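The values are calculated or read from the model by the stated rules, or taken from the named source; none is laboratory data. All figures in this text were calculated on a predicted structure; none of them were measured in a lab. Counting neighbours? That spans all protein chains shown, and the Cβs are built from the backbone with ideal geometry, glycine included. Side chains are part of the model used for accessible areas, which takes the heavy atoms of the whole protein and leaves out ligands, DNA and RNA. Shrake-Rupley method; radii C 1.70, N 1.55, O 1.52, S 1.80 Å.
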Amino acid sequence: GFCSQTTTFHSLRPPVPLPPPTMPLSLSSYTLSLLQHSSTSTTTPFLIDFATGRRLLYSDFLRQTKSLSLSLQASFPSLSKNDVALILSPTSLHLPVLHFSLLSLGITISPANPLSTQSELTHLIRLSNPVIAFATTTSSHNLPFSLPLGTVLLDSPEFESMISDSVIESDCKPNRVVNVNQSDSAAILYSSGTTGRVKGVELTHRNFIALIAGIHHQSRIEIEENAAAAEPAVSLMILPLFHVFGFFMMIAAAAMGETLVLMERFDFEGMLRAVEEYKVNYMPVSPPLVVALAKSEVAAKYNLTSLRLLGCGGAPLGKEVSQRFTAKFPNVEIVQGYGLTETGGGATGMTGPDESKQFGSVGRLAENMEAKIVDPTTGAALPAAQRGELWLRGPTVMKGYVGDDEATAATLDQEGWLKTGDLCYFDSHGFLYIVDRLKELIKYKAYQVPPVELEQLLQSNPEIADAAVIPYPDEEAGQIPMAFVVRKPGSNISEAQIIDFIARQVAPYKKIRRVAFINSIPKSPAGKILRRELTNHALSGASS
Ligand code: ATP
Ligand code: MG
């Protein structure tokens, strides 16, 4: 429970049974076994490419995955279990095929942002030590050097022939059998690098099996409760597949037999068109998109009645914005979740309309997850309602950071607790609230100011399109809160008006004391504000 005495909190959801941990099982076979038991037929489209309209039916997907596994074994006899494959590609119909094929061979997938620079890639390669790269003609140019087994180009005729049916027909040799253990690593995903150098997060097949088991269990309950939902759902993927959120949602879509519409290049109206055209029911999104929809006028031009659910996570979503969104789209439920690359996906979430009305919260602990709230100075575990660092433990928590034992030791303790670095509290009903990252708190005199709180207030101002708050060095106070503001088109809101707007709503120590105007707020592909970039910008004097 979440009463005032407890200091280790357990998920309130019934435990979800997992396969015995020592049973050999890969994430791909587990996912496909769930698919077989769903009501999806092989003629249901799994993937639709929004730009070209091309579709991949479940039957195509299964055949291509098998062909590719055979082809990879034939072309790269030395490629073996636990080798790492770097994947450097924008979203495409080929990526899920590639992911499942590599997973079934026990090869660790390591997807990175295809726009990474050479020096960024050098860092990632040093961490995860890949033997082979899968890239596109364009993204392959960013590779700083070639890997031992070279690069396979996903947009080449060679790759087309590797996934073609003729591989299965001509090759009568069975797949070399690879026994994948759940404890083998499935993926090395890179953290967003918001607080420092990017880390390579090593996640096992078991980690993802536990995540998929949870989400699958939940969807079964919903289908039983609502017979009308038994039709395969249509999801739209506007998130990149290399970030943990998109990566995991892609696998989850296959487990549930959904149709997934892929958008390689995000554009706002394109997204609205995709929802209308494919009658999209569900979209995993990051908070900036909810803000954009809540403030959008153009959305009214599209028929979005099919849309039922937005799953929002990855960065803070303000209460005000959620409420405004809900007022504008009363038939769309926003479900918030919180997670880290280190938990492979959502560590908390919301299920059902009662939970999703807890605006401002990130939901309740996921199945099989435990948590503590730890006083960052004394190390004491605190009861509900008190603020401290969130620690998490459960079957989805990573194995560690690759190539960085020091960071692993600082983040995972002997008992398996993951220190999230996030300042949080639980209410007495088990809802979690994220105050801010510990590392990003602004230290004004003896006080701590969470920039997120000020950003959300700024965003509630109708004259402000977007905003970010950073610590600005100050001789007397140490740091002062400084706002970067994007004005709404046509607005002339001034620095003094902004300072006053905030001052009227917060305690004096939280006041914004400096404002700069900017055209857009730099964000990561997963929607996180890149405060360090803004800090550098402010310090270089470019803003004043
Ligand atoms: P790095 O660890 O490299 O500095 P990062 O922490 O931003 O980067 P991710 O793993 O992508 O990399 O993000 C996890 C973090 O995102 C969490 O620790 C938390 O701070 C934030 N986060 C995720 N979901 C939410 C949410 N729903 N609300 C608020 N913050 C969230
Ligand atoms: Mg992090």
Quiz item: Tell me, which residue of region 413-453 that is within 19 Å of the chain's Cα centre (by Cα) and of a type in the set (Ser, Thr, Tyr) is nearest to ligand 2 (Cβ to nearest atom)?
Solution: THR420
Quiz item: Name the pairs whose Cβ atoms lie under 6 Å apart, with the first residue in region 419-443 and in contact (Cβ under 8 Å) with a residue 60 or more places away in the chain and over 17 Å from GLN456 (Cα atoms), the second within 16 Å of ligand 2 (Cβ to nearest atom) and assigned to a helix (DSSP H, G or I), and 6 or more positions between them or separate chains?
Solution: GLY421/LEU438
Quiz item: Does at least one position in region 390-409 carry a residue that is over 25 Å from SER191 (Cα atoms) and open to solvent by less than 20 Å² (accessible area, probe 1.4 Å)?
Solution: no
Quiz item: If a residue has to be open to solvent by 30 Å² or more (accessible area, probe 1.4 Å) and modelled with pLDDT of 95 or more to count, how many in region 235-257 make the cut?
Solution: 2
Quiz prompt | strands (runs of 3 or more DSSP E) enclosed by region 29-92 - at least 1 residues per element that are touching a strand residue (DSSP E or B) at 6+ places or on another chain (Cβ under 6 Å) and without any contact (Cβ under 8 Å) to a residue 40 or more places away in the chain | solution = 55-57
Self-check item: Set ALA292, ALA254: member being among the aliphatic types (A, V, I, L, M), in contact with a strand residue (DSSP E or B) (Cβ under 7 Å, 6 or more places away or on another chain), in contact (Cβ under 8 Å) with a residue 12 or more places away in the chain and not in a strand (DSSP E or B)
Solution: ALA254
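Residue-by-condition table, conditions (1) modelled with pLDDT under 95; (2) crowded, with 20+ Cβ neighbours inside 10 Å:
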residue	(1), (2)
PRO20	no, no
MET23	no, no
SER26	no, yes
SER38	yes, yes
ARG63	no, no
LEU86	no, yes
Quiz prompt | Hits in region 93-121 (condition: part of a helix (DSSP H, G or I) and under 18 Å from SER29 (Cβ atoms)) | solution = PRO96, VAL97, LEU98, HIS99, PHE100, SER101, LEU102, LEU103, SER104
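Per-residue answers, yes or no, for (1) of a type in the set (Ser, Thr, Tyr); (2) touching an Asp or Glu at 6+ places or on another chain (Cβ under 7 Å); (3) closer than 16 Å to THR411 by Cα:
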position: GLY360; (1), (2), (3): no, no, no
position: GLY363; (1), (2), (3): no, yes, no
position: ALA366; (1), (2), (3): no, no, no
position: LYS372; (1), (2), (3): no, no, yes
position: THR378; (1), (2), (3): yes, no, no
position: ALA381; (1), (2), (3): no, no, no
position: LEU390; (1), (2), (3): no, yes, yes
position: GLY394; (1), (2), (3): no, yes, yes
position: MET398; (1), (2), (3): no, yes, yes
Quiz item: If THR351 satisfies every condition in (1) within 22 Å of PHE248 (Cα to Cα); (2) in contact (Cβ under 8 Å) with a residue 24 or more places away in the chain; (3) buried (at least 19 other Cβ atoms within 10 Å of the Cβ); (4) out of contact with any Lys or Arg (no Cβ under 6 Å at 6 or more places or on another chain) but one, which is the exception?
Solution: (3)
Quiz item: In region 399-412, is there at least one residue being over 23 Å from VAL198 (Cβ atoms) and more than 16 Å from ligand 1 (Cβ to nearest atom)?
Solution: no
Self-check item: Test for ALA299: is it without any contact (Cβ under 8 Å) to a residue 12 or more places away in the chain, away from ligand 1 (no atom under 12 Å from the Cβ) and surrounded by fewer than 19 Cβ atoms within 10 Å (Cβ to Cβ)
Solution: no
Quiz prompt | Unmet requirement for PRO316, which otherwise passes all of (1) of a type outside the set (Lys, Arg); (2) assigned to a loop (DSSP other than H, G, I, E, B); (3) away from ligand 1 (no atom under 16 Å from the Cβ); (4) crowded, with 21+ Cβ neighbours inside 10 Å | solution = (3)
Quiz prompt | Every residue from region 500-527 that is charged (D, E, K, R) and open to solvent by 80 Å² or more (accessible area, probe 1.4 Å) | solution = ARG504, ARG513
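Yes or no, residue by residue, for (1) touching a strand residue (DSSP E or B) at 6+ places or on another chain (Cβ under 9 Å); (2) in contact (Cβ under 8 Å) with a residue 60 or more places away in the chain:
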{"site": "LEU317", "(1), (2)": "yes, no"}
{"site": "PHE325", "(1), (2)": "yes, no"}
{"site": "GLN336", "(1), (2)": "yes, no"}
{"site": "LEU365", "(1), (2)": "yes, yes"}
{"site": "ALA371", "(1), (2)": "yes, yes"}
{"site": "GLY379", "(1), (2)": "no, no"}
{"site": "GLU389", "(1), (2)": "yes, no"}
{"site": "THR396", "(1), (2)": "yes, yes"}
Quiz item: Going by the structure shown, is PHE426 more than 30 Å from ALA186 (Cβ to Cβ), modelled with pLDDT of 95 or more and aromatic (Phe, Trp, Tyr)?
Solution: yes
Quiz prompt | Within region 431-499, strands (runs of 3 or more DSSP E) holding 2 or more residues that are more than 19 Å from GLN386 (Cα to Cα) and open to solvent by less than 50 Å² (accessible area, probe 1.4 Å) | solution = 442-444, 464-474, 478-487
